[in-house]
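The values are calculated or read from the model by the stated rules, or taken from the named source; none is laboratory data. All values derive from a computational prediction rather than experimental measurement. Reconstructed Cβ throughout: ideal geometry from the backbone, glycine too, with neighbour counts over all protein chains shown. Remember, those area values only see protein heavy atoms, side chains included, never the ligands or the DNA or RNA. Shrake-Rupley method; radii C 1.70, N 1.55, O 1.52, S 1.80 Å.
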Amino acid sequence: MSSAVHKRRPLLQKQQDDEKDDAASNSIVNYGPFSESNILYWILGLRLVSIPLVQTYFAPDEYWQSLEVAHKLVYGYGFLTWEWKLGLRSYLHPLAIAVLFFAFKYTGLDSVSMLINGPRICQAVMSTFADVYFYRFVKEHFGKDLAIWTTLSLCTSWIWFYCASRTLMNTVETALACFAMYYYPWNLGMKQSEVTWKISKFTVITSLSVVLRPTSAAMWAPMYVWLLYKYFRHSTILVKMFLKIAVLALLTLAIATFVDRMIYGRWVFAHYHFLHFNVITGQGTYFGREPWHWYVTEGIPVITGPHLPLVAYGVYLTCRKRIIHSCREKVVSTMLLVICGSTVFMYSVPGHKEHRYLLNLVPILCFFSGISMRSFNRKWKKLAVAWLVVTNLVMVLYFGLVHQSAPLKVVDFLQKRAKSDLKYNTELTGQFALFLLPCHSTPYYSHIHHNVSMHFLTCHPDLEGYGKREYIDEQDTFYKNPKQWLDINVLQSVTPSNKCPDNLPKHIIMYDNLLPDVLPSISMCYASCFTTFHTHFPEGKTGQNMWVYCRFPNNDG
């Protein structure tokens, strides 16, 4: 009898320890800064803090496909890239920013700071509600405990902090994904009226996502297939539901097409043009080609960062059904895996790939990270939280304030120079700035906010031969022989009697790796007036520092 009692004690002690760990876990859920009632305010504060903490350059589309287009719509000047000339883009996203710009202009609040930070604040608010809706989605189907751990994982994600306040289409796409996940009718046992209402919202959101980024269809296709499959035996309901989905999707597409018709001035079917250019002609690879496995071997590891081992373990637990407590949890967790798989698979088919294309999967990946942390005991929970906070904080501060920080500092310098010059002159004659950088390396008129003459090295693909002929863009022509390009395009008016004519660009911007090739040609008329650090890891055509050379004020140099 005594021996049996002693054998039961370790089991009893283990059960008590597990209960203490669960209680400790729940204490994080129910009290303190992570309590449910405070989630909205803490996330909003976090997203707003990201604005001053993210002051670096990430992707050209953040400026050239949103702010720059909106600036041209409202102020009449700005640069439209080749995509807008071919009709590959819908105006819905820049139009939303243009409405904000118009409000600033109408109220006299259209300072450069407001034009730059206003859209970022709006995007940060949208990302906040996306986080909250994803929290509600997880809570509804997996419970409050996992919802908290998922949200904690999402809030410590370096890539989401880095992008949540950026005016990227990918950021909008990610927010729409969170909203759509919440409204998807996962529980078909609800009243039919409630299911119909959810399907309507889900269809409008996903249709808008596809209108903005056609490739997002890869994410939603499995969910629509599963929905139609569940109603396959109910022909009457299936037909009604299919018609509702089709009508709402076509209505959303029609509204977007009408908006494009009004702004383009002609009928433009951006989605067809997008597919024709990137799939049929295959010209998307003009901007880079990566191997088919790139998203698995580099894309996901980079965007998950320190979360990667937790995400991997969470996927393992899901596949082993270690977290499944109901049929609905099985359906939802399996569908999330399928969404990740289908998205990565479809995105891997085109040759051109970028890290930001996977941004819409970050909330789902953080869900699997949350599964890992929920399964840990108290000690490992603390270690996991400490690991995520410390490592992601280091990455956020470095990538948000240091890495690729030169472009925003340079255009801020140029904006102040333009403002100072225009203070004493009603207009500036000649070219104000020449950017001898890889194309779209800096923001443009949306950050200068003065209608001055500027030029950058273009890099659009062959828009006439569709890649079937030998073609070299302006950027590659320049880097092939910088001195020759300068002699032909910039210094052609220089003569022995007038070595520094007034029609020379007032500012020339370049990376330090270009100085040996360019300085001998311009040193007689230019001197360095601003330099700033760019990156510790220069590659390709970029350098470690970015330089601005200013033309001498007098003609004799």
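Here are the numbers for the structure shown:
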{"quantity": "Any hit, region 419-426, residues being in contact (Cβ under 8 Å) with a residue 24 or more places away in the chain, farther than 22 Å from L48 by Cα, assigned by the TED database to the domain that holds D512 and surrounded by 19 or more Cβ atoms within 10 Å (Cβ to Cβ)", "calculated": "no"}
{"quantity": "Cβ-Cβ under 8 Å pairs, at least 6 apart or on other chains, region 386-411 side closer than 30 Å to I509 by Cβ and open to solvent by 20 Å² or more (accessible area, probe 1.4 Å), far side assigned to a helix (DSSP H, G or I) and of a type in the set (A, V, I, L, M, F, W, C)", "calculated": "M395/W158; L397/L53; F399/W158; L401/L53"}
{"quantity": "Test set (1) more than 27 Å from Y63 (Cβ to Cβ); (2) in contact with a helix residue (DSSP H, G or I) (Cβ under 9 Å, 6 or more places away or on another chain); (3) among the small types (G, A, S) - S493 fails condition number", "calculated": "(2)"}
{"quantity": "Any hit, region 94-114, residues being closer than 25 Å to F435 by Cβ, in the same structural domain as Y184 (by the TED database), in contact with an Asp or Glu (Cβ under 8 Å, 6 or more places away or on another chain) and not in a helix (DSSP H, G or I)", "calculated": "no"}
{"quantity": "Filter result for F137 (of a type outside the set (G, A, S), open to solvent by 10 Å² or more (accessible area, probe 1.4 Å) and either within 23 Å of the chain's Cα centre (by Cα) or assigned by the TED database to the domain that holds L238 (or both))", "calculated": "no"}
{"quantity": "In region 515-555, the residues that are surrounded by fewer than 16 Cβ atoms within 10 Å (Cβ to Cβ), aromatic (F, W, Y) and under 32 Å from the mean Cα position of the chain (by Cα)", "calculated": "F533, F537"}
{"quantity": "Sole residue being over 27 Å from the mean Cα position of the chain (by Cα) and in a loop (DSSP other than H, G, I, E, B), chosen from T442, T429", "calculated": "T429"}
{"quantity": "Cβ pairs under 6 Å, 6+ apart, first in region 276-297 and assigned by the TED database to the domain that holds M346, second among the small types (G, A, S)", "calculated": "N278/G284; Q283/G467; T285/G351; R289/G351; W292/S348; Y295/S348"}
{"quantity": "Qualifying helices (runs of 4 or more DSSP H) (wholly inside region 150-263; at least 2 residues being over 30 Å from S372 (Cα atoms) and modelled with pLDDT under 95)", "calculated": "192-212, 217-230"}
{"quantity": "The listed residue being over 15 Å from A270 (Cα atoms) and under 14 Å from the mean Cα position of the chain (by Cα), out of V49, V54, V69, V74", "calculated": "V54"}
{"quantity": "Subset tally (residues that are under 17 Å from L337 (Cα atoms) and buried (at least 17 other Cβ atoms within 10 Å of the Cβ)) for region 287-298", "calculated": "1"}
{"quantity": "Residue satisfying condition, being surrounded by 16 or more Cβ atoms within 10 Å (Cβ to Cβ) and of a type in the set (A, V, I, L, M), within set L109, L67", "calculated": "L67"}
{"quantity": "Search result, residues across region 121-164 that are within 22 Å of R328 (Cβ to Cβ) and hydroxyl-bearing (S, T, Y)", "calculated": "Y133, Y135, T150, T151, S153"}
{"quantity": "Test: residue in region 150-158 that is under 30 Å from V411 (Cβ atoms), in contact (Cβ under 8 Å) with a residue 40 or more places away in the chain, open to solvent by less than 10 Å² (accessible area, probe 1.4 Å) and under 17 Å from the mean Cα position of the chain (by Cα)", "calculated": "yes"}
